[in-house]
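In what follows, a single structure is set out as C-alpha cells and then discussed.
The values are calculated or read from the model by the stated rules, or taken from the named source; none is laboratory data. As the structure is a prediction and not an experimental result, all values here were calculated from the model. Cβ atoms come from the backbone with ideal geometry, glycine included; neighbour counts cover every protein chain shown. Ligands, DNA and RNA are excluded from the accessible area calculation, which covers all protein heavy atoms including side chains. Shrake-Rupley method; radii C 1.70, N 1.55, O 1.52, S 1.80 Å.
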Amino acid sequence: MSGAATVSASEAHKLVWEGSVPLLIHLHDSEVTTLPPPPPALVLAPRLGYLPLLISELKPYFSSTLPPGVDTLWFEYRGLPLKWYIPTGVLFDLLCVEPERPWNLTVHFRGYPSNLLLPCEGEDSVKWSFINSLKEAAYVTKGNCKNVMNMSQSDQVELWRSVLNGNLESYQRVSSKLKLGTFEDEYTENISAVSTASQQNSGEADAAAQVKSGRIPVRLYVWTVTEDFDDLESAPQIDNWDKVSYINRPVEIQKEDGKYFSLNDAIKSLLPEYFPGSSFDNLGDASTKQSVGDERENTCDPDSSSLPLENAEIKLVRIQGIEPCLEIPFSWVVNNLMNPEYFLHICVCLKVSEANALQ
C-alpha cells in the first residue's frame with residue numbers, strides 16, 4: 001500500500017465506505033425449475049455489508065424459477081457455505097487469495113445447512129449481530145458497553161440504516177455519540193521511512209506525539225500453510241472453515257523508545273503462539289477473546305495446544321482489500337481501516353512448519 005500514510009482520514013474513510021465487491025451470483029442447479037435456466041445476477045456488493053442483505057435484489061431476480069417452499073437465503077463458494085455474519089469484503093479477502101473479479105458465488109433459497117451455519121432470519125439477524133459486535137467493541141475499548149446499550153431507538157435505527165445505505169455522513173453523526181475514540185498517528189516523522197512523507201493538517205497533533213492509550217478490538221482470520229508460495233496463484237485455497245482460526249483479541253498500541261508500533265508489531269503481539277520471540281507482548285485480557293453477548297462458534301484458540309510453536313512467517317495480510325506494508329504505523333491502520341462496528345478485521349496467512357500446522 002505505497003503512499004497510504006499520505007491519505008487523509010476523511011479520504012480513507014470515504015474510500016473504505018465506497019468499497020465494493022463485484023459478484024456474479026448463480027442460482028444453484030437444484031433450485032432451477034425453468035428452461036432455459038436464469039442467467040447469473042451481477043451485483044455490486046458493499047464491502048462493509050453482509051451477504052443476506054442482498055435478498056432484496058436477488059429474490060425478485062430469481063423468483064420466477066424457484067421451487068415451492070420458504071425462502072432462507074444462503075451462499076456458497078466452491079462448495080463452502082459462507083458465514084453470513086462476516087462482512088462481505090472480509091469473506092472476499094479471506095477466500096480469494098488470488099482475487100476473482102467478479103467473484104463467482106452460488107446462491108440458495110432452500111435447504112439451509114443449519115448443521116454448518118448459524119440461523120439467519122434475514123435483516124434482523126444481521127442487524128443484531130452488528131449491534132452485538134458494536135457492544136463487544138465498546139466493552140473492549142471502554143470496559144463497558146453502556147454507551148451502546150443507552151443509545152436511543154432513533155439513533156440505533158439511523159446507525160443501522162447508515163450502514164445499510166452506505167451513508168458515511170449519517171454514520172459519523174450518530175457514531176460520534178458513542179465516544180469510542182480515535183488514536184493519534186504515532187511518530188509520523190518516521191513515516192517517510194515506510195513509504196512517503198505524511199502530509200498532516202495544521203490542526204493535527206505534533207509529529208512526536210504519542211498515541212492515546214486504549215485497547216483496539218481486532219478480529220483475526222488466520223490460516224496456515226506448510227508449503228511456501230511465491231505468487232498468489234499458487235497459494236492453497238481455503239475449502240473448509242476448520243482451516244481458519246477465527247480469533248477475537250484486543251491489542252494495545254505500545255511504545256518502545258525510538259520505534260513506533262507497526263502493523264507487523266501488532267500482528268505478532270496478537271499471535272504470541274506463533275511469534276513467541278516478539279519484543280511486544282499482547283497486553284489484552286484473554287477473557288475478551290470470546291465475543292461479549294455473541295453466541296457464535298467458539299473461537300478457535302491455538303493457545304490451547306501444548307505444542308511449542310516456532311516463529312511463523314507472515315505470507316499475506318489483507319485489510320479492506322489491500323495488502324498494507326507491514327511497517328506502516330498501526331495507529332494509521334486503526335484510524336482509517338476499521339469497520340463500522342469498530343472492529344479491525346485482519347486476514348492473515350502464516351507459513352508454519354508441518355509439525356505446527358493447525359489441524
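Listing for the model above:
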| quantity | calculated |
| --- | --- |
| Filter pass, Glu18 being closer than 22 Å to Leu134 by Cβ, loosely packed, with under 14 Cβ neighbours inside 10 Å and not β-branched (Val, Ile, Thr) | yes |
| Hits in segment 100-109 (condition: assigned to a loop (DSSP other than H, G, I, E, B) and either within 21 Å of Ser125 (Cβ to Cβ) or in contact (Cβ under 8 Å) with a residue 12 or more places away in the chain (or both)) | Arg101, Pro102, Phe109 |
| Residue count, segment 323-345 (criterion: in contact with an Asp or Glu (Cβ under 9 Å, 6 or more places away or on another chain), within 21 Å of Pro46 (Cβ to Cβ) and part of a strand (DSSP E or B)) | 1 |
| Selection status of Gly277, within 26 Å of Pro87 (Cβ to Cβ), outside any helix (DSSP H, G or I) and either open to solvent by 40 Å² or more (accessible area, probe 1.4 Å) or at pLDDT 95 or above (or both) | no |
| Test set (1) over 18 Å from the mean Cα position of the chain (by Cα); (2) in contact (Cβ under 8 Å) with a residue 60 or more places away in the chain - Leu53 fails condition number | (1) |
| Pick from segment 1-33, criterion at pLDDT below 95 and β-branched (Val, Ile, Thr), ranking: nearest to the chain's Cα centre (by Cα) | Val7 |
| Segment 62-89 - residue that is in a helix (DSSP H, G or I) and surrounded by fewer than 18 Cβ atoms within 10 Å (Cβ to Cβ) and, of those, nearest to the chain's Cα centre (by Cα) | Ser63 |
| From the options Ala205, Ala193, Ala209, residue that is open to solvent by 60 Å² or more (accessible area, probe 1.4 Å), modelled with pLDDT under 85 and among the hydrophobic types (A, V, I, L, M, F, W, C) | Ala193 |
| Pairs where the first residue, in segment 118-140, is hydroxyl-bearing (Ser, Thr, Tyr) and the second is part of a helix (DSSP H, G or I), C-beta under 8 Å, 6+ apart | Ser125/Pro52; Tyr139/Thr288 |
| Qualifying residue in segment 21-31 (condition: assigned to a helix (DSSP H, G or I), in contact with a Cys (Cβ under 9 Å, 6 or more places away or on another chain), touching a residue at least 60 places away in the same chain (Cβ under 8 Å) and crowded, with 18+ Cβ neighbours inside 10 Å) | no |
| Flag if Val148 is surrounded by 21 or more Cβ atoms within 10 Å (Cβ to Cβ) and without any contact (Cβ under 8 Å) to a residue 40 or more places away in the chain | yes |
| Pro38 vs. criteria out of contact with any Cys (no Cβ under 9 Å at 6 or more places or on another chain), assigned to a loop (DSSP other than H, G, I, E, B) and either open to solvent by less than 20 Å² (accessible area, probe 1.4 Å) or closer than 26 Å to Val225 by Cα (or both) | no |
| Subset of segment 41-58 (residues that are in a helix (DSSP H, G or I) and hydrophobic (A, V, I, L, M, F, W, C)) | Leu51, Leu53, Leu54, Ile55, Leu58 |
| Considering residues of segment 254-274 that are acidic (Asp, Glu) and assigned to a loop (DSSP other than H, G, I, E, B) only, the residue modelled with the highest pLDDT | Glu273 |
| Sole residue being under 16 Å from His13 (Cβ atoms) and under 21 Å from the mean Cα position of the chain (by Cα), chosen from Ser133, Ser162, Ser170 | Ser162 |
| Extreme residue, modelled with the lowest pLDDT, among residues of segment 212-253 that are surrounded by fewer than 16 Cβ atoms within 10 Å (Cβ to Cβ) and polar (S, T, N, Q) | Ser213 |
| Matching residues, segment 92-118, being open to solvent by less than 40 Å² (accessible area, probe 1.4 Å) and within 17 Å of Gly49 (Cα to Cα) | Phe92, Asp93, Leu94, Leu95, Trp103, Leu105, Val107 |
